[in-house]
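Down below is the structure, laid out as structure tokens.
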Amino acid sequence: QVQVVESGGGLVQPGGSLRLSCAASGSIFNMNGMGWYRQAPGKQRELVAFISSGGNTNYGDSAKGRFTISRDNAMNKVYLQMNSLKPEDTAVYYCKAVVKFTGYWGQGTQVTVSS
């Protein structure tokens, strides 16, 4: 079993910054990668950023130039630094760990961008 836990969400004003953290534990040998997705009300879940075990990163269009994904060397924690936040970034942000090509999701953390 793999457990995934996110933290760091909250309320931030437009133009502000927020850092999300995600920790994976359990049977995480052969980790393929970890990443962040988000889902706004009435919309489909979308990719924000993903980092592979080899260090390759992939960003969704909405995140390019504003968000940065990083990881620890043990590859069991990932972080999402979000800058220049906009109201349209408001969503539940989910962390996903891919182990042996199987995805495991966290419960999600709410990010609200509002004045």
Of the residues PHE29, PHE50, which single one is closer than 18 Å to TYR104 by Cβ, loosely packed, with under 14 Cβ neighbours inside 10 Å and hydrophobic (A, V, I, L, M, F, W, C)?
PHE29
Just to verify a result, which residue in region 66-100, among those that are modelled with pLDDT under 95 and assigned to a loop (DSSP other than H, G, I, E, B), is surrounded by the fewest Cβ atoms within 10 Å (Cβ to Cβ)?
ASN73
Test result for PHE50, among the aromatic types (Phe, Trp, Tyr), in contact (Cβ under 8 Å) with a residue 60 or more places away in the chain and on the phi < 0 side of the Ramachandran plot
no
Sole exception among (1) part of a loop (DSSP other than H, G, I, E, B); (2) open to solvent by 80 Å² or more (accessible area, probe 1.4 Å); (3) within 14 Å of GLN39 (Cβ to Cβ) for SER115, by number:
(3)
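The values are calculated or read from the model by the stated rules, or taken from the named source; none is laboratory data. Bear in mind the structure is a predicted one, so any value in this text is a computation, not a measurement. In this analysis, Cβ positions are derived from the backbone assuming ideal geometry, glycine residues included, and neighbour counts consider all displayed protein chains. Remember, those area values only see protein heavy atoms, side chains included, never the ligands or the DNA or RNA. Shrake-Rupley method; radii C 1.70, N 1.55, O 1.52, S 1.80 Å.
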